[in-house]
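Worksheet: the structure to be examined is printed underneath.
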Amino acid sequence: GVSFSTSEKMALARLLLAELHVPRIEVASARVSEGERDTVARICAWAEKTGNLPAIEVLGFLDRGLSVEWVASVGCRVINLLAKGSEKHCRLQLGQTPQEHIEAIAHEVERAQQAGLEVNLYLEDWSNGMKHSRDYVLTLMKHVSRMPVKRIMLPDTLGILNPYDTLSYIHYMVKLYPGVHFDFHAHNDYDLATSNVYAAVKAGAKGIHCTVNGLGERAGNAALSSSIAVIHDQLKCSTGIDESRINKISHIVES
């Protein structure tokens, strides 16, 4: 039920990038509305002037170039493509065979490259894929790991993971594909998102997705404040994020 105005999104983008020094932010989904198009265009114009444009990302879809065109048209240079990380999602949601889906991903990545966009790839429902259709995940990875994709993002889309599963699954991926940059995207359905973030970083994930105050679908995502504290204090890793600014932005988002 939360919807930010253009001015609110602009303010949050500035705070996250210029004050907190968050490495990157996903600011919108492509093709939502004309209002969203205007908002993202304004954020990208500000980001370009301040040297932050590479940090701005937009979620896009396998829609035969429509998302790619939308993202390029607003001045963004990074698209996060949404692919299916479980065979169930691939066959039942899309009505595609795994091979058809792989071909669709390859075509979309090529379109994005031709448009001058950097590509990251979500494997939606990856956690269920690892649990119930691991051969599908491995077949998908065999192909997408060879594509010009900067980051492969591993979501626990339905929030089913616990820290033990997260540690096992991420370690499995990192061991098989040591040259791939993996991000982990947690959901908080069992109130385990922060614990799963800890396990993912421990297992070798290079990036963590989180939100201010944990806002997100259903029970939310991993909270920025908790994730940063765990990464800095428990895991002794560095992020470049200024913890002293987190309280300020948490209150602004809350209000």
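For this structure, a couple of remarks:
- Using a Förster distance of 41 Å, the FRET efficiency for Asp135-Ala115 (Cβ separation, nearest 0.05): 0.80
- Taking all protein chains as shown and a probe of 1.4 angstrom, Val201 keeps an accessible surface of around 30 Å².
- Phi angles across region 135-150 convert, under the Karplus curve 6.51 cos²θ - 1.76 cosθ + 1.60 with θ = phi - 60°, into 3J(HN,Hα) values of 4, 4, 4, 5, 5, 4, 5, 4, 8, 6, 5, 9, 7, x, 10, 6 Hz, Gly and Pro given as x.
- Charge sum, other residues only, whose C-beta stays under 14 Å from Ala11's C-beta, Lys/Arg counted +1 and Asp/Glu -1: +2
- Secondary structure note: in the chain, about 5% of the DSSP beta bridges are antiparallel.
- Expressed to the nearest 5 percent, the antiparallel share of DSSP beta bridges inside region 100-226 is 10 percent.
- Förster radius 22 Å - calculated FRET efficiency between Val2 and Asp38 (Cβ-Cβ, nearest 0.05): 0.70
- Peptides 51-58, 175-182, 219-226 ordered by average Cβ neighbours within 10 Å, highest first: 219-226, 51-58, 175-182
- For region 24-166: accessible area per residue (Å², 1.4 Å): 44 Å²
- Bridging of Lys175 to lysines at a Cα separation below 30 Å is possible for Lys84, Lys88, Lys131, Lys142, Lys150, Lys202, Lys206, Lys236, once same-chain residues fewer than 8 apart are set aside.
- Scanning residues 5 or more positions from Glu118 or on other chains, those with amide H under 5 Å from its amide H are Val78, Ile79, with H placed 1.01 Å from N in the peptide plane.
- On the beta carbon distance between Val180 and Thr97, with R0 = 25 Å, the FRET formula returns roughly 0.55.
- Solvent-accessible area, 1.4 Å probe, carbon plus sulfur percent, for region 7-152: 48 percent
- Cα gyration tensor, the chain - rounded (a/c under 1.5), prolate or oblate: oblate
- Anchor Lys248: aspartates and glutamates whose Cα lies under 13 Å away (excluding residues fewer than 8 positions away in-chain): Glu19
The values are calculated or read from the model by the stated rules, or taken from the named source; none is laboratory data. These numbers were taken from a predicted model, which means no experiment stands behind them. In this analysis, Cβ positions are derived from the backbone assuming ideal geometry, glycine residues included, and neighbour counts consider all displayed protein chains. Ligands, DNA and RNA are excluded from the accessible area calculation, which covers all protein heavy atoms including side chains. Shrake-Rupley method; radii C 1.70, N 1.55, O 1.52, S 1.80 Å.
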